[in-house]
Amino acid sequence: YAGARQESFAAAKVREALDYLEAHYDDPELSMQTLCKELYISTSYLSANLKRYNDRSFVEQLTEIRIGKAKELLRSTALKTYEIAERVGYRDAHYFSLSFRKLANMTPTEYRSRHEPRQS
């Protein structure tokens, strides 16, 4: 019984962590330490359970959220790449572009041109 309780606590903390990342992804100061302080858990505890329940590390998860938000902005706004980088929590537009390319297999500019609404 204690095992099941620990299990659901861990799963709940992972859910809380993911919700927190969704809400604060745009904060360039966001770190695993910040998140763990918010959730009153240790970084090693979160690390192990994120991998276990979500199959991603903190950085992988945060990057995935940020790049997903960036894709939305690339499709729906005329913002410049560096402005999008800032809005999704990157201070460095070059690093943003590298992260984007790694995840999307194309640059933000290429992504935007492929997803532009067709003019008829």
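The values are calculated or read from the model by the stated rules, or taken from the named source; none is laboratory data. The shown structure was predicted, so the numbers you read here are calculated from the model rather than taken from an experiment. For accessibility, only protein heavy atoms count, side chains too; no ligands or nucleic acids. Shrake-Rupley method; radii C 1.70, N 1.55, O 1.52, S 1.80 Å.
Roughly speaking, to the nearest percent, how much of the chain's 1.4 Å accessible area is carbon and sulfur?
Working: 3830 of 7720 Å².
Carbon and sulfur: 50 percent of the exposed surface of the chain.
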Inset, instruction - In whole Hz, with x marking every Gly and Pro, tabulate ³J(HN,Hα) for region 51-57 from phi via Karplus 6.51 cos²θ - 1.76 cosθ + 1.60, θ = phi - 60°. - result: 4, 5, 8, 10, 6, 9, 7
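Can you tell me, using C-alpha contacts under 8 Å and at least 6 residues apart, the relative contact order of the chain as a whole percent?
Numbers: 90 pairs, mean separation 27.5, N = 120.
That works out to 23 percent.
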Legend entry - Relative contact order (%) - criterion: Cα under 8 Å, at least six apart; region: region 1-68: 37
Inset, instruction - Please give the per residue accessible area of region 57-120, computed with a probe of 1.4 Å over protein heavy atoms only, in Å². - result: 64
Legend entry - Karplus-derived 3J(HN,Hα), 6.51/-1.76/1.60, for each residue of region 16-32, Hz, glycine and proline x: 4, 4, 5, 4, 4, 4, 4, 7, 10, 4, 7, 8, x, 7, 4, 9, 4
Inset, instruction - Return the whole-Å distance between the Cα centroid of region 60-107 and the Cα centroid of region 14-38. - result: 18
Inset, instruction - Provide the per-residue ³J(HN,Hα) series for region 63-80, in order, calculated from phi with Karplus coefficients 6.51, -1.76, 1.60 and θ = phi - 60°, each as a whole number of Hz, with x at glycine and proline positions. - result: 4, 4, 5, 4, 5, x, 5, 4, 4, 4, 5, 5, 6, 10, 9, 9, 4, 6
Inset, instruction - State whether region 39-108 is rounded, prolate or oblate according to the following rule on the C-alpha gyration tensor (a ≥ b ≥ c being the square roots of its eigenvalues): a/c under 1.5 gives rounded; otherwise a/b larger than b/c gives prolate, and the remaining case gives oblate. - result: prolate
Legend entry - Rounded D (µm²/s) - the chain, Kirkwood Rh over Cα pairs, Stokes-Einstein at 4 °C, 1.567 mPa s: 83
